[in-house]
Amino acid sequence: MNELDSELVAGRLAQLGYAMTREAGEADVLLYNTCSVREQAEQKVWSRLGELKRTKKTRPELVVGVLGCMAERDGSDLMKRMPVVDIMCGPGELDKLPELLDNAVRTRASLAGDQSASQAALQGNTSRRSQTLAAAEDRLELLDLSRTISPVDPDGGHRSSYVRITRGCNKFCTYCVVPFTRGAEIHRPPEHIIDECKRLADAGVVEVTLLGQTVNHYRFEHGASVAVGGVTQPQKGRTYKGSHHRDAFAGTSVTTFADLLHQIHEQVPGIERLRFVTSYPRDFGNDVLEVMRDSERICRYLHVPAQSGSDTVLRRMNRGYTVGEYLEFLDRARQFLHQPEIGRPLMLSGDIIVGFPGETDEDYQGTVRLLEQSRYKNCFIFKYSPRPGTVAYDKIPDDVPEVIKRERNNHLLAVQARIGEAIGNEQIGQTFDVLVEGLSQRQLKASGLTNAARKPRTIEVTIGGSAVATAPVVDDADQGDGTVQVTGRSDGDLIIHFDVDNAAHAKSLIGRIVPVEVVSASGLSMGGRLVSAD
Ligand code: 5AD
Ligand code: SF4
């Protein structure tokens, strides 16, 4: 979600004449797009801002902005604690960034050195929360609609893109800040989404990942929604075949998530891979599984966080399902979608929080069992961190000692590593269609390139300067014998490396989908052999 926001902001600023740079030292404006989901991420931003204090003494005209969740959550507190910050802009008001930035740049330039005056001017401009929710939604939709889509660089440009379909979240899991930082759930009109997918495909993008915090809750009601007894009725007739059908019960015309997937798949054949994250384990109808099964270009991949393998903990987290219901869903998904015999096994990934308040050893053992039963190809494991503003922070004491959290975290990582490796070994001998993304990590290191050099995390902007070249240099890369190792992903999101005879050949494969036979497995990735590529 944050990556997409960064792309939208960078695109909008480029339209307005700002140029991007990879070198923080060259930038006149530094924007940090932040995440508040876990404390660790916030701490990194605080320390970067701390470092900037010194820089700003020598370069008073430098403009520093904090975007995203931290700006929404910490508000003016952040500006007080960190006077280096000129701009704050929450995820729900990114459409206003150009105005805020323009104001800050002018103020900084004219006041060079007079911090308090410039902040007063900026804060005057941040009386932005008064707008109505509807107006805010419309303006955010405009930001998504204004997305700059430039043709993909044929020499290794990124051919994967995100498309937002839902903003916000209504679930209020007791540990989570997202409903507060991103606001209530809003679904984008299907025609806007499909149009964005078409524009991306026309620009050369081959893989689209649809984004939503609870992506399978997508449901767009066309025209005025009909509320019965004050409550909008849930959709009754679940069938994607009618794609955007009339809801007989409520009398409205509805596009469900299944309809949306079907429509994108049918109307945008240029998207060779369609995926979506993150799924909520409840409310996942068979209609969606049927569309996935029947659509060649929809990936057999689901990211479905369970968070815990204990019913007591799940209840305390307010997740709204039991372990049994979660596992039943995975079974149902596997029945529809797990087809290794046609080279399309279903791959799953999950999220787990360890050390949630009150988590006993027994609860934790339940989580270990859940991992063993779920058989994720990979799982993101987090130690619980209390986030101010959430129900858990206010009402449930953080009583699991740090040392136990760390122990469970490390143990679970080891359990998952074993499962991941076993799944990898089961794939040996199988051939997958692999979307080639670029040089492998090993090759990047050998060539003195790092991933950080290819994908900046901050948006660094020069004013009046020119953008620095960014394409990965494949020509210079080889493993000493002329061969080059590249990496890519299967439609189930398995990471597969393979060797290509020379740099020019490697370059020609980037962004293409080619058949690769898995020959080895280790850790999180697999080794393969290119079967054929014309
Ligand atoms: N502490 C630890 N992990 C968290 N997550 C969300 N909030 C917290 C928190 N307070 C994790 C969840 C979620 C993922 C994005 O981050 O597992 O799925
Ligand atoms: Fe947070 Fe729960 Fe919403 Fe996910 S579903 S974003 S964990 S509140």
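Once you order the gyration tensor axes a ≥ b ≥ c over the Cα atoms, which shape class does segment 267-349 get: rounded for a/c under 1.5, otherwise prolate or oblate by comparing a/b with b/c?
prolate
Which length gain, in nm to one decimal place, applies between residue 293 and residue 428 when the Cα-Cα distance is subtracted from 0.36 nm times their residue separation?
46.2 nm
Between residue 22 and residue 2, 0.36 nm times their residue separation minus their Cα-Cα distance comes to what?
Full-extension gain reported as 5.4 nm.
Listed highest first by mean packing, meaning other Cβ atoms within 10 Å per residue, what order do 196-204, 484-492 come in?
484-492, 196-204
Under a Cβ-Cβ cut-off of 14 Å, what is the net charge of the residues other than residue 170 that fall near it, where Lys and Arg count +1 and Asp and Glu count -1?
The answer is +4.
Carbon-plus-sulfur fraction of the accessible area of segment 478-534, 1.4 Å probe, in percent?
52
Find, among the trypsin sites (Lys or Arg not before Pro) in segment 387-433, those assigned to loop by DSSP (not H, G, I, E, B) with at most 11 other beta-carbon atoms within 10 angstrom.
none
On a 22 Å Cα-Cα criterion, which of the cross-link pairs 96/198; 53/80; 57/96; 377/507 come out too long?
Beyond 22 Å between Cα atoms: 96/198; 57/96; 377/507.
Please sort 24-33, 43-52 by packing, taking for each peptide the average over its residues of neighbouring beta carbons within 10 angstrom, highest first.
So the peptides 24-33, 43-52, ranked by packing, come out 24-33, 43-52.
The values are calculated or read from the model by the stated rules, or taken from the named source; none is laboratory data. Remember, predicted model here, so these are calculated numbers, not experimental data. We place every Cβ from the backbone using ideal geometry, glycine too, and count neighbours over all the protein chains shown. Heavy atoms of the whole protein, side chains included, go into the accessibility calculation; ligands, DNA and RNA do not. Shrake-Rupley method; radii C 1.70, N 1.55, O 1.52, S 1.80 Å.
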